[in-house]
1. Go through (1) touching a Lys or Arg at 6+ places or on another chain (Cβ under 8 Å); (2) surrounded by 21 or more Cβ atoms within 10 Å (Cβ to Cβ); (3) in contact (Cβ under 8 Å) with a residue 40 or more places away in the chain and name the single condition Asp311 misses.
2. Filter the stretch 245-279 down to residues that are basic (Lys, Arg) and part of a helix (DSSP H, G or I) and give me whichever is farthest from ligand 2 (Cβ to nearest atom).
3. Using the structure shown, decide if Ile97 is within 16 Å of ligand 2 (Cβ to nearest atom), under 16 Å from the mean Cα position of the chain (by Cα), buried (at least 21 other Cβ atoms within 10 Å of the Cβ) and more than 26 Å from Leu6 (Cβ to Cβ).
4. Among the residues of the stretch 94-123, write down those that are within 11 Å of ligand 1 (Cβ to nearest atom), part of a loop (DSSP other than H, G, I, E, B) and out of contact with any Phe, Trp or Tyr (no Cβ under 7 Å at 6 or more places or on another chain).
5. Looking at (1) on the phi > 0 side of the Ramachandran plot; (2) more than 16 Å from ligand 2 (Cβ to nearest atom), which one does Leu112 not meet, given that it meets all the others?
6. Does Gly24 satisfy the criteria of being surrounded by fewer than 15 Cβ atoms within 10 Å (Cβ to Cβ), in contact with an Asp or Glu (Cβ under 9 Å, 6 or more places away or on another chain) and either more than 27 Å from Pro208 (Cα to Cα) or among the small types (Gly, Ala, Ser) (or both)?
7. So which residues in the stretch 172-189 are within 14 Å of ligand 2 (Cβ to nearest atom) and of a type in the set (Lys, Arg), if there are any at all?
8. Which ones in the stretch 1-17 are among the aliphatic types (A, V, I, L, M), outside any strand (DSSP E or B), closer than 21 Å to His154 by Cα and modelled with pLDDT of 95 or more?
Amino acid sequence: METKILKPTNEDILKAAGIIRNGGLVAFPTETVYGLGANALDAEATAKIYAAKGRPSDNPMIVHIARASDIGQLTTMLSPTIVTLIDVFWPGPLTLIVKKRPEVPDVTTGGLDTVAVRMPDNQTALDLIALSGCPIAAPSANLSGKPSPTKVQHVIDDLSGRIDAILEGEDCRIGIESTVLDVTEDIPTILRPGILTAEDISAAIGKPVKYDETLYARPDFATSHDDSLDAGFSEDFHPKSPGMKYKHYAPKAQMIVIEGLRDNVKSEIERLRVLNERIGNKVGVILFEEKAFIEAAHDFFAELREMDKEDVDLILAGALSDNDGVGFAVMNRMLKSAAYNIVKV
Ligand code: TXA
Ligand code: MG
């Protein structure tokens, strides 16, 4: 299949919208990462997303809308908490898990009775959704298992020839995916951490917000010899967000996360780098400025892809020390891309 590269002009966005309306696949920019979109209410169209990404079909997708009130097409009841969250954070990097209407097809939600909804803060995305005239289901626009795409070139590298069109845009402003918040229970629970933290959300709604406990789990991938997708997770590890159980964001290189006091981390990275280079390995280092969590979020996926391009054999990454903020969200991605291969110093 030939993939059209479209510009973010009115004319091209209209073409992209036509493709979505006809059941096709279009990748588009958002403020977090690029998404791979299809008509969320068309089961045949969304099923194609799984095939294009090589993604397991029990992994539900986020449904993107262009006006907050369009959430009514997907769910029936909005609690005061949900209304406040929408008022404060949309458009923006907050995905809400709500009970789904029967009209939302099972392929979109991976068979769950809930649906993930967000209104992205990117004009091209909003225009595309509005002109398509339907909500757009869109996971990140990468091949399954690869780092999420934050530049249009990443999308071209992964999906060229596999989808109908790619709508060009700027590099993504945030760089990690949206915060996923389950608002179906009494206490809102973060299933995937992001740039909006539990503290930010709690301040807006005036009640506690918790991180799902599985976010603190550190499954023993590194020593597991089973390469099935969820190898390394014990029997009692049942993440609520199905996407959290798969191996994710993996670069081609081996990757080790080094965790500890900053000076110790730096010297261990140096020690491992020197020794590995001496035996002929190409080594890449990812070490962000201390506490520069926003910058780390912005750059992390792009750095992983850069290392793949340079055919690095081993990536040494310095852990970010943060238990509940933006650094925690970046660490969630870093640990997965390293398959939880952690060295403590
Ligand atoms: O920033 C983002 O959220 C990007 C852009 C394109 O909007 N999208 C994105 O989609 O990251 P994806 O498919 O890569 O991640 C969706 C996450 C997965 O962890 C999935 O398991 C979870 O949201 N999710 C989706 N629907 C869910 C549901 N009904 N219940 C629980 N988790 C759900
Ligand atoms: Mg993804």
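The values are calculated or read from the model by the stated rules, or taken from the named source; none is laboratory data. For clarity, every value in this text was computed on a predicted model and none was experimentally measured. Cβ coordinates were reconstructed from backbone atoms using ideal geometry, including for glycine residues, and neighbour counts include every protein chain displayed.
1. For Asp311, the failing item is (2).
2. Of all residues in the stretch 245-279, those basic (Lys, Arg) come to 245, 247, 252, 262, 266, 271, 273, 278.
If we keep only those that are part of a helix (DSSP H, G or I) too, we end up with 245, 262, 266, 271, 273, 278.
Working: Lys245: 13, Arg262: 30, Lys266: 31, Arg271: 34, Arg273: 30, Arg278: 37 Å.
The selected residue is Arg278.
3. Details: within 16 Å of ligand 2 (Cβ to nearest atom): yes; under 16 Å from the mean Cα position of the chain (by Cα): yes; buried (at least 21 other Cβ atoms within 10 Å of the Cβ): yes; more than 26 Å from Leu6 (Cβ to Cβ): yes.
Yes: the conditions hold for Ile97.
4. Passing the criteria: Lys100, Val104, Gly110, Gly111, Leu112, Asp113, Pro120, Asp121, Asn122.
5. (1)
6. Working: surrounded by fewer than 15 Cβ atoms within 10 Å (Cβ to Cβ): no; in contact with an Asp or Glu (Cβ under 9 Å, 6 or more places away or on another chain): yes; either more than 27 Å from Pro208 (Cα to Cα) or among the small types (Gly, Ala, Ser) (or both): yes.
So Gly24 does not fit the description; no.
7. Result: no residue meets the conditions.
8. We begin by selecting, within the stretch 1-17, every residue among the aliphatic types (A, V, I, L, M); these are 1, 5-6, 13-14, 16-17.
Applying the additional criterion that residues be outside any strand (DSSP E or B) yields 1, 13-14, 16-17.
Okay, now just the ones that are also closer than 21 Å to His154 by Cα, so 1, 13, 16.
Listed by number, the residues that qualify are Ile13, Ala16.
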